[in-house]
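Beneath this line is the structure, given in structure tokens, with notes to follow.
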Amino acid sequence: RLLDDGDQVAVRLTVVVNDHVAEARRRADMVEVANLLGIEAMTGHWEFTYGEDVLRRNLKNFKGEFLAQNVFLTEEAAFNDAEAFDTASGRVFKPATIKELGGFRVAVIGQALPYVPIAHPKRFTPDWTFGIRDEELQKLVNSLRANDKVDAVVLLSHNGMDVDLKLASKVSGIDVILGGHTHDAVPRPVSVANPGGKTLVTNAGSAGKFLAVLDLDLAKGHVRDVRYTLLPVFANLIKPAPEMTALIERLRAPYAVAYADKIATADHLLYRRGNFNGTMDQLICDALRQELDTEIALSPGFRWGTTVLSGQSITMEDILTETAITYPEIYPLTMTGSQIKDVMEDVCDNLFNDNPYYQQGGDMVRIGGMTYTCAPKGIVGRRISDLKLENGGAIEAYKSYRVAGWASVNEQKGAPVWDVFAKYLRSGKVISRKEAGVTLKDVAENPGVARQD
């Protein structure tokens, strides 16, 4: 919404800044939902894991604009005349759009997840390169300001909060960053100084828990004032829109019976969103260990999944909510203790590297069958220590262990994790209600660390 000198000019620009709303029919269902909701601009992350053909097919049916200034063709793809929005530059997608709102020109730039080929299988996007590309972004902002005479620039970003804070300090001319990826619910924008002035950085949480409302008071060529409100969404107090209810019911109808299948009943609180582990993660790891007969299980620290209360039924829909991705296969492998430590050090550095540009987002890899100590403030390669099996025996560097996993960036041939998880819960043979032990070191002064005696 834009404010002028007199009456309020109510002009809506709807953008997607909230992650992980649903997963169905290779995202085609969400295209219909987005169209009915009136989404006008979005950028990408998990959309890329459907592969180029599916993504392009879905985008053809999307009534809004898909923006990504930081996705380019590889040299080989460009040489072979692969499809691109701009063949001269090699940009695969439209980088920005300009909205005429209340007599002003507002530019919206898309910044897709920079780490797609690293965080996900490269085979999904073999012809594309990603990256933060702050120099290219600066050129784009400069052009929008100088050549297109925009009055405001908004960056729709899937970088993650820490990356956006650093980006805002390096790139001038962006008024506000509407951020996603790390799911931070930031109640007030963070003002970041840069050589051209300042940029406000925001993040609106995930899974529809909040709605970010940005009001701009504009003058020709600049923003005079900003009002930002992070509104909590109390779904049980909001009357559903009849058109949306009808659409959801139609889309869910083919799957409703399967989704409602009651697999088990929770006998304790099951949650996913601990930074290092969670009780739902523990069950997934236990299922992997039992199915593949391994000593240890490693599960990715994805930032999604609903909470199930004690006494509540666990349905197939709940299981899919925790596990549904396009590369869900489980697999066993043999790893030395040194290799296990190296994997955990690598993930830990991704989370706690002092340079935000080396932080890909997500949570720490989840573990089953072992414990360890983590020093987040430690240096690269020395954050993880005291690795032990659940029986208390030390994990030795040169000894081999059988390890189960899923969601590998390397192609696997195993069963999908949701079938294995459902089978384990149906059996009723729960290995443990206790989370794998993770001891944090040198974080006593961190207000985000809660201790329970």
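The values are calculated or read from the model by the stated rules, or taken from the named source; none is laboratory data. Computed from a predicted structure; not experimentally measured. Backbone-built Cβ (ideal geometry, glycine too); neighbour counts: all protein chains shown. Surface accessibility is based on the protein's heavy atoms, side chains included, excluding ligands, DNA and RNA. Shrake-Rupley method; radii C 1.70, N 1.55, O 1.52, S 1.80 Å.
Whole-Hz Karplus values for region 160-166 come out as x, 4, 4, 5, 4, 5, 5 Hz, taken residue by residue from phi with 6.51 cos²θ - 1.76 cosθ + 1.60 and θ = phi - 60°; glycine and proline positions read x. A prolate overall shape is assigned to the chain, the ratio a/c of its alpha-carbon gyration tensor axes (a ≥ b ≥ c) being 1.5 or greater and a/b exceeding b/c.
Between region 101-160 and region 313-345, how many Å separate their Cα centres? Cα centres, region 101-160 to region 313-345: 31 Å.
Taking the solvent-accessible surface of protein heavy atoms with a 1.4 Å probe, what is the per residue accessible area of the chain in Å²? Write down the numbers at each step before the final one.
Numbers: 21950 Å² over 453 residues.
Per residue, the chain has an accessible area of 48 Å².
Using θ = phi - 60° in the Karplus curve 6.51 cos²θ - 1.76 cosθ + 1.60, the 3J(HN,Hα) couplings for region 437-447 round to x, 10, 9, 8, 10, 6, 10, 4, 8, 7, x Hz; x is entered for Gly and Pro. By its C-alpha gyration tensor, with a ≥ b ≥ c as the square roots of the eigenvalues, how is region 33-154 shaped: rounded for a/c under 1.5, else prolate for a/b larger than b/c, else oblate? Oblate.
On the accessible surface of the chain, probed at 1.4 Å, how many percent belong to carbon and sulfur atoms? Kindly include the intermediate steps, with their values, before the conclusion.
Values: 11510 of 21950 Å².
Ligands and nucleic acids excluded, carbon and sulfur give 52 percent.
Close amide H partners of Lys94, meaning residues 5 or more places away or on another chain with modelled amide H under 5 Å apart, are Ala68. Would you work out if region 28-69 is rounded, prolate or oblate? Take a ≥ b ≥ c from the square roots of the eigenvalues of the alpha-carbon gyration tensor; rounded if a/c is under 1.5, else prolate when a/b is larger than b/c, oblate otherwise. Oblate is the answer for region 28-69, as a/c is 1.5 or above yet b/c matches or exceeds a/b. Here's the picture: a label point sits 7 Å out from the Cα of Ala235 along the beta-carbon direction, and within region 277-314 the residues with their amide nitrogen under 19 Å of it are 280, 303-314.
Couplings 3J(HN,Hα) for region 359-365, derived from phi with the Karplus relation 6.51 cos²θ - 1.76 cosθ + 1.60 (θ = phi - 60°), are 9, 8, x, x, 10, 5, 3 Hz, where x marks Gly and Pro.
Amide H contacts of Asn203: Gly179, Val186, each under 5 Å away and 5 or more positions distant or on a separate chain (H built 1.01 Å from N in the peptide plane; Pro and chain starts excluded).
Take the Cα of Lys423, step 7 Å toward its Cβ, do the same at Asp127, and the gap between the two points is 3.8 nm.
For region 3-232, the share of DSSP beta bridges that are antiparallel, to the nearest 5, is 55%. Annotation: amide H-H contacts under 5 Å for Gly173 (H modelled 1.01 Å from N, sequence separation of 5 or more, or interchain): Gly196.
Based on Cα contacts under 8 Å between residues 6+ apart, region 3-232 shows a relative contact order of 18 percent. Under 13 Å from the 7 Å Cα→Cβ point of Lys94, by amide nitrogen: which residues of region 147-174? Output list for this probe position: empty. The mean sequence separation of alpha-carbon pairs under 8 Å and at least six residues apart, normalised by the residue count of region 102-190, gives a relative contact order of 34 percent.
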